[in-house]
Amino acid sequence: MERSIRLNWDLLVEEAIKRRKEQKISQRRLAAIAGISQPTISRFEQRREDIQLSSAMKILDVLGLVEK
């Protein structure tokens, strides 16, 4: 069974930025909590496509955007 799943990356990143700012977490602090570098957070927030999925998932998890 084939499924077509579409991800609205821009909307997801916007929500992540919004949550980070609402929680008053700096990019540097988010990076420390997620265990990734601050430049990775910056690339994510700039919607760069060269970020690893595992890094994006760590960011989203810290911000409460991953359902477990």
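Here, each number is a calculation from the coordinates, and none is a lab measurement. Computed from a prediction, not measured in an experiment: that's the story for all the values here. With ideal geometry, Cβ positions are generated from the backbone for all residues, glycine too; neighbour counts draw on all protein chains shown.
Could you tell me the largest-minus-smallest coordinate of the C-alpha atoms of the chain on each of the three principal axes, in descending order and whole angstroms?
If we take the Cα atoms of the chain, the spans are 42, 23, 20 Å.
Nearest 500 deg cm²/dmol is fine: what mean residue ellipticity at 222 nm does the chain get from its DSSP H runs of n ≥ 4 alone, each adding -39,500 (n - 2.57), divided by its residue count?
Taken over the chain, the calculation gives -17500 deg cm²/dmol.
Please order Asp10, Asp61, Asp50 by the number of other Cβ within 10 Å, starting at the fewest.
Asp50, Asp10, Asp61
In nm, give the distance between the simple-model label positions of Lys68 and Leu7, each being 7 Å from the Cα along the Cα-to-Cβ direction.
Computed distance between label sites Lys68 and Leu7 equals 2.0 nm.
Quick check on the exposure proxy: order Arg43, Arg28 from fewest to most C-beta atoms within 10 angstrom.
Lowest to highest Cβ neighbour count: Arg28, Arg43.
Projecting each Cα onto the charge dipole of the chain (Lys/Arg +1, Asp/Glu -1 at the beta carbon, about the Cα centre), which of Leu7, Pro39, Val66 comes out farthest on the positive side?
Result: Pro39.
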